[in-house]
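Input: a single structure, listed below in structure tokens.
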Amino acid sequence: MAKLIPAKHLLLIGIVCAFLAIVFFAFPTGASKDTQNMSLTITPQVIKEAELSLFESGSSSLNNVKTQVISNQATHNSLPYLIDKGGENDQLNNSNTKPSTSSFTANPSPKFTIEKHSVQIKEGDSLSKVLSSYQVSANDIYKVSSADKKQKSLLRMRPGQHLEFAIEQPSGSLKHIKLVLNRLQSIDFKRKNDQFERGETNRTPDISQTYKEAVINNSLFVDGMNANIDQPLLIELANIFGWDIDFALDIRKGDRFSLLYEEKFLDGEKIANGKILAAQFINNGRTFQAIRYETNKGANYYTPDGLAMRKAFIRTPVDFTRISSKFNPNRLHPIFKTSRPHRGVDYAAASGTPVKAAGDGKVSFAGKQRGYGNVVIINHGKGYQTLYAHLRGFARGMRKGKKVKQGNIIAYVGQTGWATGPHLHYEFRVNGVHKNPVTVKLPNDDPMPKADLKKYLPYAQGVVAALTNSNSAEFSQRLALLKD
Ligand SMILES: [Zn+2]
């Protein structure tokens with residue numbers, strides 16, 4: 001009979017016998033019926049598949065057989081582990097002679113350690129990319145992602161943020177992971193019952209109000225920064241007063257400004273600047289005060305009387321290099337040498353410089369008009385009209401009836417029509433009368449609704465009082481002089 005069976009098969013039968021022997025020896029005498037049944041029912045399949053693999057590969061190595069057996073048993077919990085432990089043949093035999101307990105304890109004296117990691121997210125990083133580089137299993141990554149399915153915070157992590165996580169060793173199991181969004185916010189996932197529970201931490205910074213003031217000798221930025229006012233605050237300040245003060249042309253030595261703003265602290269350490277609550281500017285003999293106030297339309301700056309600081313029009317609708325021709329009702333025309341009033345301002349700028357709508361409105365003309373060349377006229381309502389001429393071309397979709405918002409690009413500087421060089425000819429008309437665009441009093445933006453104004457006025461009074469109390473003696477003196 002032995003001759004009828006190929007040597008390979010004999011070898012295999014030998015292994016299976018050894019395997020069965022282990023099962024019987026290793027299990028205590030009182031092993032449950034279930035376990036025995038299991039090992040018996042599985043055996044035929046083991047032989048079958050092991051045979052197959054031997055014929056296919058032509059390999060006779062023991063290791064291959066072993067591997068195959070293990071993978072075929074993978075659906076069963078305890079057997080693969082047993083086989084894995086007793087890998088080689090002689091080891092299997094050894095385990096036969098040993099008391100059963102040692103070969104059966106998964107971890108004789110498990111020593112768990114927790115490894116902690118903190119990783120700064122780089123461009124192109126993803127949760128799975130970071131975690132898998134620390135050998136976190138795909139299964140754990142999947143479980144964490146599932147716990148975050150709704151909010152997708154982990155999907156949205158950005159370069160610079162930190163990912164902190166704890167891995168239990170030697171199991172490699174992910175225990176805890178935390179995405180630190182910023183100093184105030186973090187999101188974390190804790191392992192509980194083999195699932196991850198999502199949690200959020202939101203810290204509130206302590207907010208204090210700070211008052212600062214500065215005298216201008218050089219410029220807003222140089223002197224502001226010398227007075228320890230951060231640049232972003234100065235930029236914001238320039239935006240608040242930019243409707244009334246041209247920071248390139250209007251600033252005079254001896255101008256002063258002050259601001260009341262929020263500073264945010266965490267654990268006693270300053271982490272950021274907050275909002276500018278109020279500011280004042282003394283410019284070339286004029287004074288301006290602005291107070292931040294929030295209505296359901298959003299936050300804006302208002303005068304103490306409740307007028308918007310923002311105006312309905314931008315003073316200059318183009319970034320220009322110089323004014324090449326002023327508004328002059330009695331000018332001699334440079335080409336015709338005849339008395340022809342110059343009813344607008346010429347802003348010299350490079351050809352192609354964007355031209356912005358000075359205010360919200362509707363285009364009433366966009367096309368060619370004799371001396372103007374390419375021209376856009378916008379109706380702003382309430383009798384206001386602006387005109388932009390000598391344009392090289394128009395912005396897309398610029399045609400009669402098109403609605404535009406303040407600051408929208410409507411066209412580009414050129415020298416079409418009667419022009420000696422690239423510039424924007426800009427006209428400002430009020431009820432059909434040409435006004436000097438550089439000096440015309442610009443109307444304020446839409447006023448605050450009456451209901452808001454009622455609440456605003458007492459608030460503004462309080463803020464003005466706070467500013468007055470903070471002003472230095474010099475600042476107060478200057479203000480008093482200007483008021484007289
Ligand atoms: Zn002109």
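The values are calculated or read from the model by the stated rules, or taken from the named source; none is laboratory data. Treat the numbers as computed from the prediction; the structure is a model and nothing was measured. Quick reminder, even Gly has a Cβ in these numbers, built from the backbone with ideal geometry, and neighbours come from all protein chains shown. Heavy atoms of the whole protein, side chains included, go into the accessibility calculation; ligands, DNA and RNA do not. Shrake-Rupley method; radii C 1.70, N 1.55, O 1.52, S 1.80 Å.
Descriptive notes on the structure:
- A 1.4 Å probe, protein heavy atoms only, puts the accessible area of T439 near 100 Å².
- An ellipsoid equivalent to the range 113-202, defined through the eigenvalues of its Cα gyration tensor, has semi-axes of 18, 15, 13 Å when rounded to whole angstrom and sorted largest first.
- Placing R0 at 30 angstrom, the Cβ-Cβ distance between W418 and L249 gives a FRET efficiency of 0.60 after rounding to 0.05.
- Accessible surface ranking that places the most exposed of S133, S153 first, with a 1.4 angstrom probe: S133, S153
- Accessible area of the range 113-202 belonging to carbon and sulfur atoms, whole % at 1.4 Å probe: 48 percent
- Accessible surface, 1.4 Å probe, highest first, among residues W243, W418: W418, W243
- Segment Y134-K454, extension gain: residue separation times 0.36 nm, minus the distance between their alpha carbons: 109.1 nm
- Overall form of the range 211-302 per C-alpha gyration tensor (a/c, 1.5; a/b vs b/c): oblate
- Residue pairs, from the table K270/K297; K150/K192; K402/K454; K152/K403; K297/K402; K150/K175, whose Cα atoms sit over 27 Å apart: K270/K297; K402/K454; K152/K403
- Heavy-atom accessible surface of the range 211-302: percent carbon and sulfur, 1.4 Å: 45 percent
- Among 382-392, 195-205, the order from most to least packed when residues are scored by Cβ within 10 Å on average: 382-392, 195-205
- Pairs beyond 29 Å (Cα-Cα), from K275/K382; K362/K435; K116/K149: K275/K382
- Counting only Cβ charges, +1 for Lys and Arg and -1 for Asp and Glu, the dipole size of the range 322-435 around its Cα centre is about 240 debye.
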